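Chemist: Mind looking over this structure? Questions follow.
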Amino acid sequence: MRNQGWRGLVGVALALAAIALPVAAQPYKAEYTLSIVPDGGTPWGKGTQLWADMVRERTQGRINIRLHPNATLMGGDQTREFTALRQGVIDMAVGSTINWSSAIPEFNVFSLPFLLRGYRSLDALTQGEVGRELFRRVEEQGVVPLAWGENGFRQVTNSRRAIRSPEDMKGLRFRVVGSLLFNDIFTALGAVPTQMTWGEAIRALRARKIDGQENPITIFNNARLDTVGQRYLTVWDYVADPIVFVVNRQVWDSWSPQDRDIVRDAAVEAARFEVALAREDLLSSGQGMWENLESRGVKVTRLTPEQRQRFVDATRPVYVKWKTLVGRDLVEKAEAAVRDESISSKAPSLGTRK
Ligand code: X2X
């Protein structure tokens, strides 16, 4: 009896709350989940944490975001992140275009081998018509995109030998990320690609089950891959990996217009900080990144223009095949943006790795 009376009271309270709230508005959650794939100590992780902190502070705790690094919200499977976000299993994310490319094939544009020529061309894509079109694709899928951040240009590392030509890659086993485009690239170069999550890759490298991997230096350093035998690194800048600050649509709609502005502005600011950090090339020791790598026993190989061209030629059929899969119109816009940028800029690229 007593129990029923209590339930009745709860029922009345809920009914009153429903009347008091506008029809569409959902109440704010006590805590919002925010997913990222790598460790929190990467520039990607630090930029994301800054976003969460700024939002909490500027909304006086109304929007309280908890960062979940290492893809734990998807049990490690980073290729499921975008779907989980769309379905509302995850509230927010700062995610890689590579990991989300199974849901949005157009995101593969950044992974077309050797399309990009340094940071200026990458910025020309994300900040121009290509970036706007990609944001529209994200919107169509029920996710609100707010800002572009950056994982970085991806370099190839291995435990066997210095890579200067496709022949040097022959027979080496590489972990690749979850887009089939990467399988095609590594196969075209004569290597043996295996798809794995980042968590699996770290374990496989540690157990010496694979010879190599490809990732930006910031990720290499954060995971200290030099300590698990990854002694050879080739700077080839073959693709870059932007990341996107996003919010699930229902969550976004549940916030007041004022809070949405706060979240958006904070995303833009945090993304700017994150990109600067990803490009800074400095470790906490204050030493330049490349010298630091060498001092840890990593042999850094830079390609001459002729050497680079051999990789471009070997992967050309993959580029042509994937141009159609990504969408010819979009890729042509991207190619034009890269071309215009390299013609218009007399200043050296920010990626001064010549
Ligand atoms: O899995 C990777 O290699 C990583 C961490 O770079 C991405 O999430 C794309």
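The values are calculated or read from the model by the stated rules, or taken from the named source; none is laboratory data. Just so it is clear, the structure is predicted and the values come from calculations on it, not from any experiment. Using ideal geometry, Cβ is built from the backbone for each residue, glycine included, and neighbour counts are taken over all protein chains shown.
Chemist: Looking only at strands (runs of 3 or more DSSP E) that fall completely inside region 222-328, which ones have 1 or more residues that are more than 22 Å from residue 106 (Cβ to Cβ)?
Modeler: The strands (runs of 3 or more DSSP E) meeting that bar are 232-235, 299-302.
Chemist: Can you confirm whether region 111-128 contains a residue that is out of contact with any Ser or Thr (no Cβ under 8 Å at 6 or more places or on another chain), assigned to a helix (DSSP H, G or I), more than 28 Å from residue 186 (Cβ to Cβ) and of a type in the set (Asp, Glu)?
Modeler: Within region 111-128, none of the residues are out of contact with any Ser or Thr (no Cβ under 8 Å at 6 or more places or on another chain), assigned to a helix (DSSP H, G or I), more than 28 Å from residue 186 (Cβ to Cβ) and of a type in the set (Asp, Glu).
Chemist: Do the conditions hold for residue 152, that is, is it within 11 Å of the ligand (Cβ to nearest atom), closer than 26 Å to residue 267 by Cα and either touching a Lys or Arg at 6+ places or on another chain (Cβ under 9 Å) or modelled with pLDDT of 95 or more (or both)?
Modeler: When the stated conditions are applied, residue 152 passes them.
Chemist: Moving on to the next point. Suppose we filter region 167-209 for residues that are touching a strand residue (DSSP E or B) at 6+ places or on another chain (Cβ under 7 Å) and assigned to a loop (DSSP other than H, G, I, E, B); how many remain? So that I can check it myself, show each step before the final result.
Modeler: The initial filter retains those residues of region 167-209 that are touching a strand residue (DSSP E or B) at 6+ places or on another chain (Cβ under 7 Å), namely 171-176, 178, 182-183, 186-187, 191-196, 201, 204-205.
Subset that is assigned to a loop (DSSP other than H, G, I, E, B): 171-172, 178, 191, 196.
Residues flagged as touching a strand residue (DSSP E or B) at 6+ places or on another chain (Cβ under 7 Å) and assigned to a loop (DSSP other than H, G, I, E, B) within region 167-209 amount to 5.
Chemist: Considering only residues that are near the ligand (Cβ under 9 Å from one of its atoms), over 13 Å from residue 108 (Cβ atoms) and either in contact with an Asp or Glu (Cβ under 7 Å, 6 or more places away or on another chain) or not hydrophobic (A, V, I, L, M, F, W, C) (or both), which ones fall in region 177-202?
Modeler: Within region 177-202, 197, 199 qualify.
Chemist: While we're looking at this one, here's another question. Pick out the one residue from 181, 189, 225 that is surrounded by 19 or more Cβ atoms within 10 Å (Cβ to Cβ) and more than 23 Å from residue 101 (Cβ to Cβ).
Modeler: Checking each option against the conditions leaves just 225.
Chemist: Let me ask something additional. In region 134-170, what residues are crowded, with 17+ Cβ neighbours inside 10 Å and acidic (Asp, Glu)?
Modeler: 150, 168
Chemist: Could you tell me which numbered condition residue 332 fails, if it satisfies all but one of (1) farther than 27 Å from residue 131 by Cα; (2) not in a strand (DSSP E or B)?
Modeler: Here residue 332 meets the rest and fails (1).
Chemist: With the checklist (1) part of a helix (DSSP H, G or I); (2) over 14 Å from the mean Cα position of the chain (by Cα); (3) not aromatic (Phe, Trp, Tyr) in hand, flag the one item residue 156 doesn't pass.
Modeler: Among (1) part of a helix (DSSP H, G or I); (2) over 14 Å from the mean Cα position of the chain (by Cα); (3) not aromatic (Phe, Trp, Tyr), the lone unmet condition for residue 156 is (1).
Chemist: Check whether at least one residue in region 284-294 is on the phi < 0 side of the Ramachandran plot and within 16 Å of the ligand (Cβ to nearest atom), and report yes or no. Steps first, please.
Modeler: Narrowing region 284-294 to residues on the phi < 0 side of the Ramachandran plot: 284-285, 287-294.
Filter again for within 16 Å of the ligand (Cβ to nearest atom), leaving none.
Checked region 284-294: no residue is on the phi < 0 side of the Ramachandran plot and within 16 Å of the ligand (Cβ to nearest atom).
Chemist: Looking only at region 220-233, which residues are away from the ligand (no atom under 16 Å from the Cβ) and on the phi < 0 side of the Ramachandran plot?
Modeler: 226, 227, 231, 232
Chemist: Which one is surrounded by the fewest Cβ atoms within 10 Å (Cβ to Cβ) among residues in region 86-102 that are more than 14 Å from the ligand (Cβ to nearest atom) and either in contact (Cβ under 8 Å) with a residue 60 or more places away in the chain or under 16 Å from the mean Cα position of the chain (by Cα) (or both)? Steps first, answer last, please.
Modeler: Of all residues in region 86-102, those more than 14 Å from the ligand (Cβ to nearest atom) come to 86-92.
Right, trim to either in contact (Cβ under 8 Å) with a residue 60 or more places away in the chain or under 16 Å from the mean Cα position of the chain (by Cα) (or both) and you get 86, 88, 90-92.
Numbers: 86: 16, 88: 12, 90: 24, 91: 23, 92: 31.
Within region 86-102, the match that is surrounded by the fewest Cβ atoms within 10 Å (Cβ to Cβ) is 88.
Chemist: Another question about this same structure. Taking region 42-85, which residues are within 13 Å of the ligand (Cβ to nearest atom) and in a loop (DSSP other than H, G, I, E, B)?
Modeler: Scanning region 42-85 gives 42, 69, 70, 71, 76, 77.
Chemist: Right, next: Residue check: is residue 217 buried (at least 22 other Cβ atoms within 10 Å of the Cβ), modelled with pLDDT under 95 and either more than 14 Å from the ligand (Cβ to nearest atom) or among the hydrophobic types (A, V, I, L, M, F, W, C) (or both)?
Modeler: For residue 217, the condition - buried (at least 22 other Cβ atoms within 10 Å of the Cβ), modelled with pLDDT under 95 and either more than 14 Å from the ligand (Cβ to nearest atom) or among the hydrophobic types (A, V, I, L, M, F, W, C) (or both) - is met.
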